[in-house]
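The values are calculated or read from the model by the stated rules, or taken from the named source; none is laboratory data. These numbers were taken from a predicted model, which means no experiment stands behind them. Glycine gets a Cβ as well: all are built from the backbone with ideal geometry, and neighbour counts include every protein chain shown. Areas reflect the complete protein model, heavy atoms only, side chains present, ligands, DNA and RNA absent. Shrake-Rupley method; radii C 1.70, N 1.55, O 1.52, S 1.80 Å.
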Amino acid sequence: MIQITRYKGIFVPASRSDRTRAFEDYWAYLLTRDGALQEEVQSLEYKTHYYQSLQARPVRAQQPLTPAQTMAELSDLLATQHSPQADRRLLALTAIYKFASHEAAGIRAAWTATPSWERCRNLTDRITRYHLCEEFCHLRLFAEMFNVCRLRVDWPSLSWPARTAYGAFARFPGWCLDPVAFGSEVMGMMFYRHIWRALEEVFAPEPEVVRRLRELLGEIMVDELGHIGERRSFLGNTGVKVARKVLPVMIRRFFADIPEIEGILDVNRMVQDALTFDYSGIDSTITERAWIPAYCQV
């Protein structure tokens with residue numbers, strides 16, 4: 001009989017001492033999992049090794065999925081079609097691409113707004129720098145997902161208003177930034193969790209492709225679960241209530257700008273899952289490798 005690990009919900013109350021201890025536990029986990037920070041190349045020691053190992057064992061789709069050569073071309077192509085009638089493999093890839101493009105913009109803005117490693121003055125500063133390097137590594141893993149499907153990617157520069165908004169957000173004071181940052185991490189995990197399931201269905205004819213895509217997404221999800229716990233640990237009870245209040249609005253507004261979602265995922269279900277998130281719905285092969293705050297463990 002399969003044993004399912006149960007967890008407390010992410011919105012569970014946590015004392016200040018529990019949250020302070022969580023940062024210390026998370027830092028120890030990061031050093032073990034990621035190794036040395038490689039700030040000049042925006043990477044981490046062990047993740048660099050993992051990415052190099054991927055190049056030594058490449059997986060590629062048997063046939064090109066589209067005449068498009070790049071993800072930008074594919075995105076433009078799908079914009080001329082009625083999304084629900086398009087190939088669901090292409091919808092899934094384009095949804096991932098658009099989501100990751102926003103991630104790229106936010107990461108770049110945060111990278112310039114946060115202290116460099118030599119200027120980090122406390123534990124949370126150091127964690128933030130590691131966190132951002134993990135996110136840059138994720139962009140490389142997303143790019144590898146597209147390579148599997150014989151598509152190249154260059155992350156686009158978003159519009160000036162969008163870049164300005166991300167840059168301003170990265171400089172918000174903690175009382176304003178922290179609930180939204182936590183909500184964005186939960187929103188991201190809901191997307192990954194639902195697209196994880198969709199990949200197995202839409203790429204079913206090529207099981208090797210499914211395995212590689214889910215391997216790459218799984219590596220991202222392991223880190224993102226840690227990011228959720230980290231961002232949650234910044235919040236007292238009031239901050240948690242604010243985050244839970246704004247989360248449905250964040251999710252619906254964000255994915256309204258990604259019309260490809262309509263053909264593959266249920267946004268309303270993503271909202272419901274976000275409001276009841278407790279780690280239990282994530283594949284155990286991912287949660288077993290992830291950091292989860294002690295106050296969320298049963």
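Report the semi-axes of the equivalent ellipsoid for the stretch 1-64 in whole Å, largest first, where each axis is √(5λ) for an eigenvalue λ of the Cα gyration tensor. Could you put the intermediate results ahead of the total?
On the way: eigenvalues 224, 102, 25 Å².
Sorted largest first and rounded, they come to 33, 23, 11 Å.
Would you mind checking which residues have amide H under 5 Å from Leu44's amide H? H placed 1.01 Å from N; only 5 or more apart, or other chain.
Result for Leu44 returns Gln38.
So with the 1.4 Å probe, I'd like the accessible area per residue for the chain, rounded to whole Å². Kindly include the intermediate steps, with their values, before the conclusion.
On the way: 14330 Å² over 298 residues.
Accessible surface, normalised per residue, equals 48 Å².
Cross-link list Lys47/Lys241; Lys8/Lys98; Lys98/Lys245: which exceed 28 angstrom alpha carbon to alpha carbon? The partial results should precede the final answer.
Numbers: Lys47/Lys241 35 Å; Lys8/Lys98 32 Å; Lys98/Lys245 25 Å.
Those over the limit are Lys47/Lys241; Lys8/Lys98.
Glu215 accessible area, nearest 10 Å², 1.4 Å probe?
About 50 Å², ignoring ligands and nucleic acids.
Could you work out the percent of alpha carbon pairs in the stretch 1-112 separated by over 19 Å, rounded to a whole number?
Numbers: 4481 of 6216 pairs.
Value for the stretch 1-112: 72 percent of Cα pairs lie more than 19 Å apart.
Taking a quarter of the surface of the convex hull around the Cα atoms of the stretch 162-298, what do you get in nm²? Kindly include the intermediate steps, with their values, before the conclusion.
On the way: hull surface 36.4 nm².
Computing the convex hull of the Cα atoms and averaging its projections yields 9.1 nm².
Using the Kirkwood radius over C-alpha pairs as Rh, can you work out the diffusion coefficient of the stretch 209-258 via Stokes-Einstein at 10 °C, viscosity 1.306 mPa s, in µm² per second?
Values: Rh = 13.1 Å.
D, rounded to a whole number, is 121 µm²/s.
Among Lys47, Lys98, Lys241, which one shows the highest mean-square fluctuation when the chain is modelled as a Gaussian network with alpha-carbon springs under 10 Å?
Maximum among the listed residues: Lys241.
Which whole DSSP H helices in the chain pass both tests: a Cα extent of 18 Å or more along the axis and a mean Kyte-Doolittle value no lower than -1.0? The partial results should precede the final answer.
Numbers: long enough: 16-34 (27 Å, -1.25); 88-113 (38 Å, 0.33); 123-148 (38 Å, 0.03); 174-202 (41 Å, 0.32); 207-232 (36 Å, -0.42); 237-256 (29 Å, 0.43).
Flagged H segments are 88-113, 123-148, 174-202, 207-232, 237-256.
With a 1.4 Å probe and all protein chains left in place, how much of the accessible area of the stretch 106-167 comes from carbon and sulfur atoms, in whole percent? Please list the in-between numbers first.
Numbers: 1470 of 2930 Å².
That share works out to 50 percent.
Just the C-alpha atoms of the stretch 42-86: what Rg/Rh do they give, with Rh taken as the Kirkwood radius? Intermediate results must be reported in sequence, preceding the final value.
Values: Rg = 16.1 Å, Rh = 13.6 Å.
Here Rg/Rh amounts to 1.19.
Computed FRET efficiency, Cβ-Cβ of Leu177 and Thr276, R0 25 Å: what is it to the nearest 0.05?
Working: r = 24 Å, r/R0 = 0.98.
Calculated transfer efficiency: 0.55.
How high is the relative contact order of the chain, in percent, with contacts defined as C-alpha pairs under 8 Å that are six or more residues apart?
About 33 percent, as a whole number.
Relative to the compact globular guide of 2.2 N^0.38 Å, what is the alpha carbon radius of gyration of the chain, as a ratio? Intermediate results must be reported in sequence, preceding the final value.
Numbers: Rg = 18.7 Å, N = 298, 2.2 N^0.38 = 19.2 Å.
In units of the globular-protein estimate, the chain measures up at 0.98.
Take every Cα pair under 8 Å in the stretch 131-287 that's 6+ residues apart, average their separations, divide by the length, and report that relative contact order as a whole percent. Can you show the working numbers first?
Values: 100 pairs, mean separation 48.4, N = 157.
Relative contact order, the stretch 131-287: 31 percent.
Applying a 10 Å radius around every beta-carbon, put 259-265, 287-293 in order of their mean neighbour count, most first. Walk me through the numbers before you get to the answer.
Details: 259-265: 21.0, 287-293: 18.9.
Those peptides, ordered most packed to least, come out 259-265, 287-293.
For Tyr7, enumerate residues with amide H under 5 Å from its amide H, sequence gap 5+ or separate chain, H modeled in the peptide plane.
Here Ser280 satisfy the definition.
Using mean Cβ contacts within 10 Å as the protection proxy, how do 10-20, 180-190 order, highest first? Intermediate results must be reported in sequence, preceding the final value.
On the way: 10-20: 15.0, 180-190: 22.3.
Highest-to-lowest ranking by the protection proxy: 180-190, 10-20.
What whole-number volume per residue, in cubic angstrom, does the convex hull of the C-alpha atoms of the stretch 39-163 give? Don't jump to the answer; show the numbers that get you there.
Numbers: hull volume 15.5 nm³, N = 125.
Each residue corresponds to 124 Å³ of Cα convex hull volume.
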